[in-house]
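Just so it is clear, none of the values below were taken in a lab; they were calculated from the coordinates. From a predicted model like this one, the values you see are computed outputs, not experimental measurements. Cβ placement follows ideal geometry from the backbone for every residue including glycine, while neighbour counts extend to all protein chains displayed.
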Amino acid sequence: MKKFLVSERLYLREISEDDLHLLFELHRDAEVMEYIRPPETTIEETAVTFKRIQSTNKYKEGLGLWMCHENSSDLFIGWFILKNLDDTDDIEIGYRLHKKFWGKGFATEMSKVLLKKGFENPKLEKIVGATHPANKASQHVLEKIGMKFARIQHVYRTDAWIYECFNPRGMSYPFF
């Protein structure tokens, strides 16, 4: 398995056909999905999600959804994305983690590494993050990685809080 990005405690890898059951376990958890959409209750629902993920991955361009694992145990903890925000030209950073991995700093740790990667290659000028207005934990993660609240925007069939971070020319990330 080829690792895409590695942080101190985590690594990202491309999604594969073998990951359908891992996604199902993550997407069926009502607490994980609370601010996103109703949980997926059948493997068939997750298979539809899986096909959509595969159709939007642009790994050669540095964009997509990557499965995230702990370095020390290889345990699947969730996934991270760097992809188009809904039907916009904005590139979004995001994640979804199993709740047993919440509060350990994993979202912040890997989001920093992925944000840096997005600014370096594919040399993005701006990266955004979208959260449900009530999802204070995700807002805190976005702020900790240097993003600032920018606007409320209707994406993914809801009004989301949009955070953004720009990559000033000539500066290496992190620059805050």
Checklist entry - Given the Cα atoms of the chain, and with Rh set as the inverse mean 1/r over their pairs in the Kirkwood sense, what is Rg to Rh to two decimals? => result 0.93
Checklist entry - Simple spin-label model, 7 Å along Cα-to-Cβ: Ala137 to Ser16 in nm? => result 2.9 nm
Checklist outcome for this item: Expressed in angstrom and rounded, the centroid-to-centroid distance over alpha carbons for region 80-136 and region 36-64 is 16 Å
Checklist outcome for this item: Counting only backbone N atoms under 11 Å from a point 7 Å out along Cα-to-Cβ of Asp29, the residues of region 67-89 in range are 76-79
Item to check | Relative packing of 22-30, 56-64, which averages over residues the other C-beta atoms within 10 Å, highest first | outcome: 22-30, 56-64
Next on the checklist: Per DSSP helix of 4 or more residues, -39500 (n - 2.57); summed, then divided by the residues of the chain. What does that give at 222 nm, rounded to the nearest 500?
Outcome noted: -8000 deg cm²/dmol
Next on the checklist: Among 77-86, 11-20, how do they line up by average Cβ neighbours within 10 Å per residue, starting with the highest?
Outcome noted: 77-86, 11-20
Checklist entry - Can you give the charge dipole size of region 3-123 about its Cα centre, rounded to the nearest 20 debye, using +1 on the beta carbon of Lys and Arg and -1 on the beta carbon of Asp and Glu? => result 420 debye
